[in-house]
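Everything below concerns the one structure shown next.
Nothing in this text is a laboratory measurement; each read-out follows from the coordinates by a stated rule. Remember, it's a predicted structure, so these values are computed and weren't measured experimentally. Note: ideal-geometry Cβ built from the backbone for every residue, glycine included; neighbour counts use all protein chains shown.
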Amino acid sequence: MSTTMAPERTAQPSTLGSGMRGYLERVRGGDMGALPAVFGLVVLCVVFATLRPAFLTPINFANLFTQGAQITVIAMGLVFVLLLGEIDLSAGFASGVCAAVLAVTLTNQGLPWYVSTIAAIITGMVIGLVLGTLVAKVGIPSFVVTLAGFLAFQGVVLLLVSGGTNISIRDEVILAIANRNLPPALSWALFAVGVVGYAGVQLLRAYRRRQRDLPADPMSLIAFRVGMLAVIAGVAVYILNLERSRNALIVSLKGVPVVVPLIVLLLILWTFVLRRTAFGRHIYAVGGNAEAARRAGINVDRIKISAFVICSTMAAIGGIIAASRGASVDPNTGGSNVLLWAVGAAVIGGTSLFGGKGRVMDAVLGGAVIAVIDNGMGLMGYSSGVKYIVTGAVLLLAAGVDAISRKRAAASGLR
């Protein structure tokens with residue numbers, strides 16, 4: 001196991017060419033990162049676009065974001081637990097419980113949307129606190145604790161929705177999360193802010209490292225990263241700003257879905273937490289070697305409990321997104337394949353099941369892969385059974401790549 005206290009390397013490439021060579025050396029040494037997920041995503045998109053041209057239409061492109069939003073958000077939280085070498089099997093139905101709390105307080109009790117949203121998120125935090133305490137303080141394996149939660153939370157959802165009824169969501173603010181779009185002008189404005197902000201962060205980081213006489217990324221590498229982000233995000237915004245409605249005179253469908261900036265904000269927040277805070281470094285340290293982290297003075301129990309709280313809180317946000325997309329909550333909210341796809345998204349994106357390796361971005365990439373598989377195979381007319389088989393095969397392949405990468409990294413001395 002690794003005892004590394006920080007998730008990133010201190011050495012920086014001096015040129016774009018040396019940076020690429022260093023990256024290729026890490027790949028050959030077993031540090032695959034997100035490469036398999038990106039490669040798989042590109043291949044899937046090319047295959048589905050070739051076989052079903054409708055896959056590339058603006059309306060289907062927008063559907064991909066809303067289809068994968070709940071899974072992606074829950075997977076973001078699961079990354080924190082997986083980084084510790086733990087598992088949370090209750091995240092799916094935990095999101096269902098929180099969605100039910102939202103629906104009951106919003107529709108049945110008539111509370112304002114912000115009160116209901118806070119109640120749902122607090123419910124998620126409490127769930128995570130209980131699960132984390134049982135794992136860290138009592139010493140029950142996370143598999144057992146969260147499996148019990150998986151079973152119990154199904155019953156809680158049934159009780160909250162009165163044994164099987166469907167609670168409709170009518171609040172316009174909640175419905176807007178997964179069903180409304182930003183105006184095209186605002187979409188472009190957020191794109192510009194995002195690209196400029198990313199460039200500013202990269203330049204500031206390089207400047208600070210040079211001020212401390214530390215190796216810093218060359219301007220060519222920074223320009224390459226910013227350029228790639230600008231191209232990819234720019235193409236996405238352009239497509240999403242195209243008219244998607246079949247009858248624009250009645251209703252216009254343009255702009256980036258509201259849920260997209262929400263996911264981006266969560267990605268920025270948790271990436272900052274993992275990469276730029278002591279808490280994030282402690283997460284990686286505990287996941288690499290819990291005993292070594294304990295001897296280094298890290299409160300391992302607190303880190304574990306915090307990770308489960310974050311996981312269940314993100315599950316709550318995922319439940320809110322699901323309630324918004326379906327405009328209702330029923331006993332199956334958060335059930336079915338939600339948990340399996342969320343875990344699969346994190347692992348497919350590159351987060352290791354062995355702990356100590358992963359990023360929040362992995363959840364976004366893995367969520368995109370899951371959404372593309374589900375959407376593309378649906379367009380091709382395949383049944384749910386075939387979708388499950390393909391998704392399971394992709395997950396198994398991702399886990400196999402992770403295991404092989406760890407062996408190669410150990411053999412090359414990177415771990």
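Of Tyr388, Tyr207, Tyr284, the sequence from fewest to most neighbouring Cβ atoms within 10 angstrom is Tyr207, Tyr388, Tyr284. The stretch between Leu242 and Val46, if pulled fully straight at 0.36 nm per residue, gains 68.4 nm over its current Cα-Cα span.
Distance from the C-alpha centroid of region 294-322 to that of region 205-236: 31 Å, rounded to the whole angstrom. Structural descriptor for region 294-415: relative contact order 18 percent, calculated from alpha carbon pairs under 8 angstrom and at least 6 residues apart.
With r as the distance between the Cβ atoms of Gln211 and Val38 and R0 = 45 Å, compute the FRET efficiency 1/(1 + (r/R0)^6) and round to 0.05. Using R0 = 45 Å, I get an efficiency of 0.85.
What is the sum of charges, Lys and Arg at +1 and Asp and Glu at -1, for the other residues whose Cβ falls under 15 Å from the Cβ of Tyr198? Present the calculation step by step, with values, prior to reporting the outcome.
Numbers: positive: Arg205, Arg225, Arg275, Arg276; negative: Asp217.
Around Tyr198, the surrounding residues sum to +3.
Sorting the segments 64-72, 269-277 by their residues' average number of neighbouring beta-carbon atoms within 10 angstrom, most packed first, yields 64-72, 269-277.
The lysines within cross-link reach of Lys137, meaning a Cα-to-Cα straight distance under 23 Å and a gap of 8 or more places when in the same chain, are Lys304. Hydrophobic, long helices, defined as DSSP H runs whose alpha-carbon span along the helix axis is 27 Å or greater and whose mean Kyte-Doolittle value is at least 1.0, occur in the chain at 58-83, 113-133, 219-240, 300-326, 360-379.
Placing dummy labels 7 Å off each Cα toward the beta-carbon, the span from Arg180 to Phe279 is 3.0 nm.
With contacts taken as Cα pairs under 8 Å and at least 6 residues apart, the chain reaches a relative contact order of 37 percent.
In plain terms, the chain from Ile250 to Leu151 could stretch by 31.1 nm, reckoned as 0.36 nm per residue minus the Cα-Cα distance.
When Cα extents along the principal axes in Å is calculated for this entry, the matching label among (1) 81, 56, 47; (2) 60, 55, 42; (3) 67, 51, 40 is (2). The distance between label points at Val115 and Asp301 comes to 3.7 nm (points 7 Å beyond Cα on the Cα→Cβ vector).
Sort 372-382, 304-314 by the packing proxy (mean of other Cβ within 10 Å over each peptide's residues), most packed first. Let's see the in-between values first.
Numbers: 372-382: 18.0, 304-314: 26.3.
Ranked by mean Cβ neighbours within 10 Å, highest first: 304-314, 372-382.
Working from label points 7 Å from Cα in the Cα-to-Cβ sense, the Leu396 to Leu129 distance is 4.2 nm.
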